[in-house]
Amino acid sequence: MFLYGYGPLLLAGARQTIALAVLSLAVSVVLGLLGASAKLSRHGLLRAMATAYTTLIRSVPDLVLMLLLFYSIQIAVNNLTDALGLDQFDIDPFTAGVLTLGFIYGAYFTETFRGAFLAVPRGQLEAGSAYGMSGMRVFGRILFPQMMRFALPGIGNNWQVLVKATALVSIIGLADIVKAAQDAGKSTFNMFFFILVAALAYLAITSASNFVLLMLERRYSIGVRHADL
């Protein structure tokens, strides 16, 4: 029988991996935008906090950060429930995975968005303000579309790395594609085959992602004249 009857388990693990990656990406993008804005802020305290955040995250291995964040969040929740006299509440691995991956890769998106913001000509933003646009309209009509064109290569790279990093969440008990492959491999004594299946699943996810990113790059490059080489 194909996949020794573990096809549904692997499919469920793949869905879990995709959901984890997409939600982590959403958290990372939000933190990245906030972090980039803080780094470009005129307030020294905001710049210092954003710099400390990106420096810390990029200096410590993802696996170590994953364990530190997972256990620190759980400890904080336990202390809160104890202080309020409530029953202990255990954070499920999926939620913990989304929060930890989002927090980690938010630092990388911070640098991606910061560089993209700086690449947009300042004069265009000033022209929008002079024309009477509000700050939000300048962001939505002028800054964001152009910033995305500069940021997409970095976003694509960060996304690919984030997808691969979801495999780390299996160590805290999440039933993702890696955990499913390990369980199937142990049960059938054919670990190599199922780990290979997991690798192919990641390859399929990243290949589909490349197609979507290519479409986005074309979308945000409309009206841009490329120099002939």
Some residue of region 119-142 being closer than 16 Å to Val29 by Cα and touching a helix residue (DSSP H, G or I) at 6+ places or on another chain (Cβ under 7 Å)
no
I want to confirm something. Restricting to region 124-138 and keeping residues that are surrounded by fewer than 15 Cβ atoms within 10 Å (Cβ to Cβ) and in a helix (DSSP H, G or I), which single residue is nearest to the chain's Cα centre (by Cα)?
Met136
List every residue pair whose Cβ atoms sit under 7 Å apart, with the two residues 6 or more apart in sequence or on different chains, where the first one lies in region 3-19 and is touching a residue at least 24 places away in the same chain (Cβ under 8 Å) and among the small types (Gly, Ala, Ser) and the second, anywhere, is surrounded by fewer than 19 Cβ atoms within 10 Å (Cβ to Cβ) and not in a loop (DSSP other than H, G, I, E, B).
none
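Looking at region 188-215 only, could you name the residues that are assigned to a helix (DSSP H, G or I), over 23 Å from Thr166 (Cα atoms) and of a type in the set (A, V, I, L, M, F, W, C)? Working first, answer last.
Of the residues in region 188-215, the ones assigned to a helix (DSSP H, G or I) are 188, 191-215.
Subsequent filtering for residues that are over 23 Å from Thr166 (Cα atoms) retains 188, 215.
Result: Met215, single match.
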For Arg42, only one of the following conditions fails: (1) assigned to a loop (DSSP other than H, G, I, E, B); (2) surrounded by 14 or more Cβ atoms within 10 Å (Cβ to Cβ). What is its number?
(2)
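Tell me yes or no: at least one residue of region 79-92 is assigned to a helix (DSSP H, G or I), in contact with a helix residue (DSSP H, G or I) (Cβ under 6 Å, 6 or more places away or on another chain) and surrounded by 11 or more Cβ atoms within 10 Å (Cβ to Cβ). I'd like the intermediate steps shown before the answer.
Initial filter on region 79-92 (assigned to a helix (DSSP H, G or I)): 79-84.
Subsequent filtering for residues that are in contact with a helix residue (DSSP H, G or I) (Cβ under 6 Å, 6 or more places away or on another chain) retains none.
Within region 79-92, not a single residue is assigned to a helix (DSSP H, G or I), in contact with a helix residue (DSSP H, G or I) (Cβ under 6 Å, 6 or more places away or on another chain) and surrounded by 11 or more Cβ atoms within 10 Å (Cβ to Cβ).
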Kindly evaluate Ser72 against the criterion of being outside any helix (DSSP H, G or I), on the phi < 0 side of the Ramachandran plot and surrounded by fewer than 21 Cβ atoms within 10 Å (Cβ to Cβ).
no
Could you give every pair whose Cβ atoms fall below 7 Å, whose first residue belongs to region 183-207 and is under 19 Å from Asn157 (Cα atoms), and whose second residue is of a type in the set (S, T, N, Q), counting only separations of at least 6 or pairs across chains?
Thr206/Gln160
Kindly list, by first and then second residue, each pair from a residue in region 124-148 that is in contact (Cβ under 8 Å) with a residue 12 or more places away in the chain and under 25 Å from Met215 (Cβ atoms) to a residue that is assigned to a helix (DSSP H, G or I) and among the polar types (S, T, N, Q), limited to pairs with Cβ atoms under 6 Å and residues at least 6 apart or on different chains.
Ile142/Gln124
Can you tell me which residues in region 45-69 are of a type in the set (Ser, Thr, Tyr) and surrounded by 13 or more Cβ atoms within 10 Å (Cβ to Cβ)?
Thr51, Tyr53, Thr54
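Would you tally the residues in region 150-169 being polar (S, T, N, Q) and surrounded by fewer than 18 Cβ atoms within 10 Å (Cβ to Cβ)? Full working, then the answer.
Just the residues of region 150-169 that are polar (S, T, N, Q), to begin with: 157-158, 160, 166.
From what's left, surrounded by fewer than 18 Cβ atoms within 10 Å (Cβ to Cβ): 157, 160.
Number of matching residues: 2.
Here, each number is a calculation from the coordinates, and none is a lab measurement. Source: prediction; values computed, not measured. Note: ideal-geometry Cβ built from the backbone for every residue, glycine included; neighbour counts use all protein chains shown.
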